[in-house]
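K.L.:
Would you mind keeping the following structure in view while I ask a few things?
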Amino acid sequence: MHPDRLAPTFLQLLAPIAERGGTVLEIGCGTGMLTRHLVAAGLNVIASDASADMLELAREQVPGAVAHRVIALPDDALPEVDAIVGVGHPLNYFTGAEPVHASLTAIANALRPGGVLAIDLMVRTLGLEAHPPMGRLGADWALISTMDIPEPGRSVRHLTTFVRTEDGTYRRADEDHEFVHVDGAAALETLRRNGVDATLGQAFGPVGLPEGLASVIGAKA
């Protein structure tokens, strides 16, 4: 589910926001792979991530975002915006379902009337096997990701990043992220109670999602 493949669908969803000069909050922006498409399309993007290391990479890769903020849901306040997007299941980085629903509530409350929501969620167990490593490489950075599924309803992703410093050496950072897999219908109900009508899907436009992931696309009344 590479952001380059998802970008056309997101840009189509956000076209009305771009036309009126609205602001988009991207949650879990990571290294800025989706961010750069949004910025290139002329959108006013606030790029956010719970990881300061990831946000540093996004700032280097996409300096054209209107802001780069460390935001850790559900505790950190969200700005009022016209759209909220996120890929890479940024709301599943918890050990239980409660903070996921609290985050969905915060997102719904941050959307202005008519605001657009487009995110993905882990909605059921992906299996009990380990997933093969994945890597991304930039001009002066690299990222390695592996995922384990220790038990049904929970998974753990291991991230290692390398960033070139001014003296030519590389700084290494290691992070472990735990995910909870949530009930999709309950997630939609949380959004509905807070004014956002959304649907679950198995794709973003023509791009299908891996088993266990669902698209959540909706709008605030």
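Since every read-out is calculated from the coordinates, none of them should be taken as a lab result. This one's a predicted model, so the numbers in the text were calculated from it and none came from an experiment. So basically every Cβ, Gly included, is an ideal-geometry build from the backbone, and we count neighbours across all protein chains shown.
K.L.:
For residue 176 and residue 77, what is the calculated FRET efficiency with R₀ set at 25 Å and r taken between the beta-carbons, to the nearest 0.05?
P.N.:
0.45
K.L.:
Still on this structure, please answer the following. From the phi angles alone, apply the Karplus equation (6.51, -1.76, 1.60; θ = phi - 60°) to the range 66-78 and give each ³J(HN,Hα) in whole Hz, x where the residue is Gly or Pro.
P.N.:
Each residue's phi maps through the Karplus curve to give 5, 7, 10, 10, 7, 10, 10, 6, x, 7, 7, 5, 9 Hz.
K.L.:
With springs only between Cα atoms under 10 Å apart, run a GNM on the chain and tell me which of 175, 166, 80 wobbles the most.
P.N.:
166
K.L.:
Say R0 is 30 Å: what FRET efficiency, to the nearest 0.05, do residue 144 and residue 221 get from their beta-carbon distance? Spell out each step's value before the answer.
P.N.:
On the way: r = 43 Å, r/R0 = 1.42.
Using R0 = 30 Å, I get an efficiency of 0.10.
K.L.:
Next question. Rounded to the nearest 500, what is the chain's calculated 222 nm mean residue ellipticity when only DSSP H runs of at least 4 contribute -39500 (n - 2.57) each, over all residues?
P.N.:
That calculation yields -7500 deg cm²/dmol at 222 nm.
K.L.:
Arrange 215, 48 by Cβ neighbour counts within 10 Å, fewest through most, would you?
P.N.:
Going from least to most buried by this count: 215, 48.
K.L.:
Mind telling me which of 160, 31, 169 comes out most flexible in a GNM of the chain, alpha-carbon contacts under 10 Å?
P.N.:
Maximum among the listed residues: 169.
K.L.:
Taking R0 as 22 Å, what FRET efficiency do you get between residue 134 and residue 199 from their Cβ-Cβ distance, rounded to the nearest 0.05?
P.N.:
0.20
K.L.:
Which of 97, 67, 18 moves most in a GNM of the chain, Cα contacts under 10 Å?
P.N.:
67
K.L.:
Which of (1) 8, 34, 39, 16, 2, 0; (2) 7, 25, 27, 20, 9, 5, 4, 2, 1, 0; (3) 7, 31, 37, 21, 4 is the computed P(r) over Cα pairs in 10 Å bins from 0, in percent for the structure on display?
P.N.:
(1)
K.L.:
For the chain, what are the DSSP H helices with axial Cα length of 27 Å or more and mean Kyte-Doolittle hydropathy of at least 1.6?
P.N.:
Helix filter hits for the chain: none.
K.L.:
Give the shape of the range 131-179 as rounded, prolate or oblate, defined through the alpha-carbon gyration tensor: a ≥ b ≥ c are the square roots of its eigenvalues, a/c under 1.5 means rounded, and otherwise the shape is prolate if a/b is larger than b/c and oblate if not.
P.N.:
It comes out prolate by the Cα gyration axes.
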